[in-house]
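Inspection log for the structure reproduced underneath, given as structure tokens.
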Amino acid sequence: EAQVTQNPRYLITVTGKKLTVTCSQNMNHEYMSWYRQDPGLGLRQIYYSMNVEVTDKGDVPEGYKVSRKEKRNFPLILESPSPNQTSLYFCASSLAGGYTNTEAFFGQGTRLTVV
Amino acid sequence: AQKITQTQPGMFVQEKEAVTLDCTYDTSDQSYGLFWYKQPSSGEMIFLIYQGSYDEQNATEGRYSLNFQKARKSANLVISASQLGDSAMYFCAMREGKTGGFKTIFGAGTRLFVKA
């Protein structure tokens, strides 16, 4: 089954404790993204990757890191989480980026709470 | 700066009627794609419809159609014959080409309530 898998689904952590949210897709997609969803703000792109070893900042990259060592995986790293990073996070992938007719497939989301 | 504006935070529609969800966008890129996604209360994101900046015809997918007016930079979603299951959050998104750095931008969303 074609899917994007995020783990964990729920996470409560303390300020400053490094964490990683994993994202894996099995569709051989080139374009992968991380978003955070906050009420009234929609989804905001944190980082995206056009292909292996190619990553770029989205609109809200501060406090986050990513890597794309393999095509299927795109982990999101919070080196020192703060309460303002409490949010719902989505990973998404699509066959290609740009203006192509390639829909994004989303993971189920990770609800992160930083206390 | 590139952006997507959805001016209707919430909307009500009677079952079986049509509804239009507004979306305007701003970009200096000539090549971009416009997408609509649905997010039910369960939280998953569901792709509905796509319109490319070079497409001359409005996109249609079943009960969904996209009213694309390029000069006005609008990409409104039309849902015909609304059903109770259409109650959800709807997001308009734009994915830019090379000039825009291949970013993806979402609007703040419109919550649609379908009344029986």
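The values are calculated or read from the model by the stated rules, or taken from the named source; none is laboratory data. Since this is a predicted model, take the numbers as computed values, not measurements. FYI the Cβ positions are ideal-geometry reconstructions off the backbone, even for glycines, and counts take in every protein chain you see. The accessibility values were calculated without ligands, DNA or RNA, using every heavy atom of the protein model including side chains. Shrake-Rupley method; radii C 1.70, N 1.55, O 1.52, S 1.80 Å.
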(message) From the phi angles alone, apply the Karplus equation (6.51, -1.76, 1.60; θ = phi - 60°) to region A:97-106 and give each ³J(HN,Hα) in whole Hz, x where the residue is Gly or Pro.
(response) x, x, 8, 5, 7, 10, 5, 8, 9, 9
(request) Normalising by the residue count of chain A, find the relative contact order in percent from Cα pairs under 8 Å and 6+ residues apart. (result) 36 percent
(message) Please give the charge dipole size of chain A, origin at the Cα centre, charges +1 on K and R Cβ atoms and -1 on D and E Cβ atoms. Round to the nearest 20 debye.
(response) 340 debye
(request) List the residues of region B:76-116 that lose 50 Å² or more of accessible area once all protein chains are present, compared with their chain alone (1.4 Å probe, heavy atoms only, no ligands or nucleic acids). (result) B:95, B:102, B:103, B:104, B:106
(message) With only alpha-carbon atoms in the gyration tensor, what are the semi-axes of the equivalent ellipsoid for region B:21-98, in Å, largest first?
(response) 23, 14, 10
(message) With +1 on the Cβ of every Lys and Arg and -1 on the Cβ of every Asp and Glu, and nothing else charged, how large is the dipole of the protein assembly as shown about its Cα centre, in debye rounded to the nearest 20?
(response) 500 debye
(request) With a 1.4 Å probe and every protein chain left in place, work out the accessible area per residue of chain A in Å², rounded to a whole number. (result) 48 Å²
(message) I'd like the accessible area for residue A:103: 1.4 Å probe, protein heavy atoms, all chains in place, Å² to the nearest 10.
(response) 60 Å²
(request) With N set to the residue count of region A:19-77, report its C-alpha Rg divided by 2.2 N^0.38 Å to two decimal places. (result) 1.09
(request) Rounded to whole Hz and in sequence order, give me ³J(HN,Hα) for region B:7-14 from the Karplus expression 6.51 cos²θ - 1.76 cosθ + 1.60, θ = phi - 60°, writing x for Gly and Pro. (result) 7, 10, x, x, 9, 10, 9, 7
(request) Please name which of A:102, A:115, A:74 has its Cα lying farthest along the dipole of chain A towards the positive end, using unit charges on Cβ (Lys, Arg +1; Asp, Glu -1) and the Cα centre as origin. (result) A:115
(request) Leaving ligands, DNA and RNA out of it, rank B:98, B:38 by accessible area with a 1.4 Å probe, largest first. (result) B:98, B:38
(request) Find the sum over both chains of the accessible area lost when B and A are paired, probe 1.4 Å, and report it in Å² to the nearest 100. (result) 1900 Å²
(message) Among A:48, A:64, A:24, whose Cα projects farthest towards the positive end of the dipole of the protein assembly as shown, with charges put on the beta-carbon of Lys, Arg (+1) and Asp, Glu (-1)?
(response) A:64
(request) Post the alpha-carbon centroid distance, region A:61-115 to region B:3-22, in whole angstrom. (result) 28 Å
(message) What translational diffusion coefficient, to the nearest whole µm²/s, does chain A have by Stokes-Einstein, given a Kirkwood radius computed over alpha-carbon pairs, a temperature of 4 °C and 1.567 mPa s viscosity?
(response) 92 µm²/s
(message) Given the whole protein assembly as supplied and a 1.4 Å probe, what does the accessible area of residue A:13 come to in Å², nearest 10?
(response) 10 Å²
(request) Whenever you get a sec, compute what percent of the accessible area on chain A sits on carbon and sulfur atoms (1.4 Å probe). (result) 51 percent
(request) May I ask you to work out the translational diffusion coefficient for the protein assembly as shown at 4 °C, viscosity 1.567 mPa s, via Stokes-Einstein with Rh from the Kirkwood sum over Cα pairs, reported in whole µm²/s? (result) 72 µm²/s
